[in-house]
Amino acid sequence: MPVDSSRVFVVSCGLSRLIAHLDMDAFYASVELLRYPELRGRPVVVGGRQPQLQPRQAADGTRRFAQLSDYGGRGVITTSTYEARALGVHSGMGLMKAAQLVPDAVLLPVDFDRYRDYSRRFKAAVAELAPVIEDRGIDEIYLDLSEVPGVRTVVGHDPLGGVRALALDIQNNVRQATGLTCSMGISPNKLLSKIASDLNKPNGLTVLTMADVPRCIWPLPVRRINGIGPKAGAKLAALGIDTIGQLAAQSLAWLVQHFGGHTGLWLHRSAQGLDDRPVVTHSEPVSVSRETTFERDLHAVLDKPELSAQFTALCERVAADLKRKGYAGRTVGIKLRFDDFHTVTRDLTLAEPVADARSIRWAAGQCLKRAVLERRLRLLGVRVGSLRRLGH
């Protein structure tokens, strides 16, 4: 029987599976630049919902944009262009703090309906070429490319030419469908592909084999491993471990001693680039929730009309999400964060699942009555859990 030499090479390089992570480049900001192309090349920040942040048409036909220096509130940055990131402004940063760094940066309000539309477009474009998709959110997906026809074909002298060609076709499909760019990482597993997709942004493509781990992965900071957060990163740093390579040099016994059995084993495997998780094409949601951080702290009595309107709007958005996904739920809950950052939750389990805004609003209101509202509120959230598919 003849041997497929291209497949033998790929397997020997650690690519028996071909898993891709696709990440849209500065997604929200890039969608806004399609609408406002005159902002290309400028530092732009997306965040906040204040009406005065909306661009205004001037008499001469040009648009006038808000700047960070115009902002007054405590919202956070949802995303920013690469030009803004180069100046130290990044997602999760408070808008007021960002204004101190780059006061002249353009500030645009978020438009989640528009972002969700473009999210659907890019995922449909990808599915035309690679249908095995794990949805990881509005701007990123995992793909299992292992069985896509032609993916293991040798192109010229490049044994990985087939997978590179497929990746470029996917990127071109996304660009044609949306006008946006994306970056892709491809490797034998999800862990490495997630890291790889961030190595050559924007519009990058990185293909890694297991043989590339010491050269490409080990010099990186440990926080590049998805799952190592600030707390674990700080603990590793205190132990003298800053890079993935330093983590890989530690014995399993040492890691278990400092982090426990489960986490120690996971850190040991992750540092070696090992991950056997499959690409999951469908998973049932556990709950559907919406929350909002107020531009100013709201008092339950003095700001009751505004608070009530926000509460109702959240319930309506949860109901719309349930309808779109085809679910109803029996458990309705609320989340409250006060001005001292203390957070409380309350839940109510109903006899029958609900999906309409009125029922959700009533149940969430019952939860609210069980909370002590002596301090001003900075965040309010509504959640529906114990989900059941409609019609089942």
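The values are calculated or read from the model by the stated rules, or taken from the named source; none is laboratory data. Being a predicted model, the structure only gives us computed values, none of them experimental. FYI the Cβ positions are ideal-geometry reconstructions off the backbone, even for glycines, and counts take in every protein chain you see. The area values use the complete protein model at the heavy-atom level, side chains included, leaving out ligands, DNA and RNA. Shrake-Rupley method; radii C 1.70, N 1.55, O 1.52, S 1.80 Å.
Residues in region 274-292 that are over 24 Å from residue 324 (Cα atoms) and out of contact with any Asp or Glu (no Cβ under 9 Å at 6 or more places or on another chain): 274, 275, 276, 277. Against the test of being farther than 28 Å from residue 268 by Cβ and either over 26 Å from the mean Cα position of the chain (by Cα) or without any contact (Cβ under 8 Å) to a residue 60 or more places away in the chain (or both), the options 168, 180 yield a single qualifying residue, 168.
Given the criteria touching an Asp or Glu at 6+ places or on another chain (Cβ under 9 Å) and closer than 30 Å to residue 130 by Cβ, does residue 203 qualify? In short, yes. The residue of region 302-339 that is farthest from the chain's Cα centre (by Cα), among those that are surrounded by fewer than 17 Cβ atoms within 10 Å (Cβ to Cβ) and of a type in the set (A, V, I, L, M), is 302.
Within region 340-355, can one find any residue that is aromatic (Phe, Trp, Tyr) and surrounded by 13 or more Cβ atoms within 10 Å (Cβ to Cβ)?
Restricting attention to region 340-355, the residues satisfying the condition of being aromatic (Phe, Trp, Tyr) are 341.
From what is left, the residues that are surrounded by 13 or more Cβ atoms within 10 Å (Cβ to Cβ) are none.
No.
Taken over region 141-155, residues that are of a type in the set (D, E, K, R) and surrounded by 17 or more Cβ atoms within 10 Å (Cβ to Cβ) amount to 2.
Residue-wise test of (1) basic (Lys, Arg); (2) touching a residue at least 24 places away in the same chain (Cβ under 8 Å); (3) within 26 Å of residue 284 (Cβ to Cβ).
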{"position": "313", "(1), (2), (3)": "no, no, no"}
{"position": "317", "(1), (2), (3)": "yes, yes, yes"}
{"position": "326", "(1), (2), (3)": "no, yes, yes"}
{"position": "329", "(1), (2), (3)": "no, yes, yes"}
{"position": "360", "(1), (2), (3)": "no, yes, yes"}
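Looking at region 93-103, can you tell me whether even one residue there is under 24 Å from residue 180 (Cα atoms) and either touching a Lys or Arg at 6+ places or on another chain (Cβ under 9 Å) or surrounded by 21 or more Cβ atoms within 10 Å (Cβ to Cβ) (or both)?
Checked region 93-103: no residue is under 24 Å from residue 180 (Cα atoms) and either touching a Lys or Arg at 6+ places or on another chain (Cβ under 9 Å) or surrounded by 21 or more Cβ atoms within 10 Å (Cβ to Cβ) (or both).
For region 40-53, the candidate set comprises residues that are loosely packed, with under 15 Cβ neighbours inside 10 Å and at pLDDT 90 or above; within that set, the residue that is nearest to residue 89 (Cα to Cα) is 41.
Restricting attention to region 341-362, does a residue exist that is basic (Lys, Arg) and within 25 Å of the chain's Cα centre (by Cα)? Write out each step before concluding.
Taking region 341-362 and keeping what is basic (Lys, Arg), we get 346, 358, 361.
Right, trim to within 25 Å of the chain's Cα centre (by Cα) and you get none.
No, every residue in region 341-362 fails to be basic (Lys, Arg) and within 25 Å of the chain's Cα centre (by Cα).
Kindly check whether there is at least one residue in region 117-140 that is at pLDDT 90 or above, touching a Gly at 6+ places or on another chain (Cβ under 9 Å), open to solvent by 40 Å² or more (accessible area, probe 1.4 Å) and more than 30 Å from residue 188 (Cα to Cα). Within region 117-140, none of the residues are at pLDDT 90 or above, touching a Gly at 6+ places or on another chain (Cβ under 9 Å), open to solvent by 40 Å² or more (accessible area, probe 1.4 Å) and more than 30 Å from residue 188 (Cα to Cα).
For region 120-143, a tally of residues being without any contact (Cβ under 8 Å) to a residue 40 or more places away in the chain and assigned to a helix (DSSP H, G or I) returns 3.
Looking at region 240-296, the helices (runs of 4 or more DSSP H) lying wholly inside it that each contain 2 or more residues that are out of contact with any strand residue (DSSP E or B) (no Cβ under 6 Å at 6 or more places or on another chain) and among the small types (Gly, Ala, Ser) sit at 244-248, 261-271. Count of region 12-24 residues, restricted to those that are touching a Gly at 6+ places or on another chain (Cβ under 9 Å) and modelled with pLDDT under 95, is 1. Which count do you get for residues in region 204-237 that are among the polar types (S, T, N, Q) and either over 18 Å from residue 185 (Cα atoms) or crowded, with 17+ Cβ neighbours inside 10 Å (or both)? Here the count works out to 2.
Can you confirm whether region 104-116 contains a residue that is within 30 Å of residue 165 (Cβ to Cβ), of a type outside the set (Lys, Arg) and at pLDDT 90 or above?
Step one: filter region 104-116 for residues within 30 Å of residue 165 (Cβ to Cβ), giving 115.
If we keep only those that are of a type outside the set (Lys, Arg) too, we end up with 115.
Going one step further and asking which of them are at pLDDT 90 or above, we end up with 115.
Yes, region 104-116 contains a residue that is within 30 Å of residue 165 (Cβ to Cβ), of a type outside the set (Lys, Arg) and at pLDDT 90 or above.
Taken together, the residues in region 156-201 that are of a type outside the set (A, V, I, L, M, F, W, C) and open to solvent by 20 Å² or more (accessible area, probe 1.4 Å) amount to 16. Against the list (1) more than 30 Å from residue 94 (Cβ to Cβ); (2) assigned to a strand (DSSP E or B); (3) not aromatic (Phe, Trp, Tyr), the condition residue 379 fails is (1).
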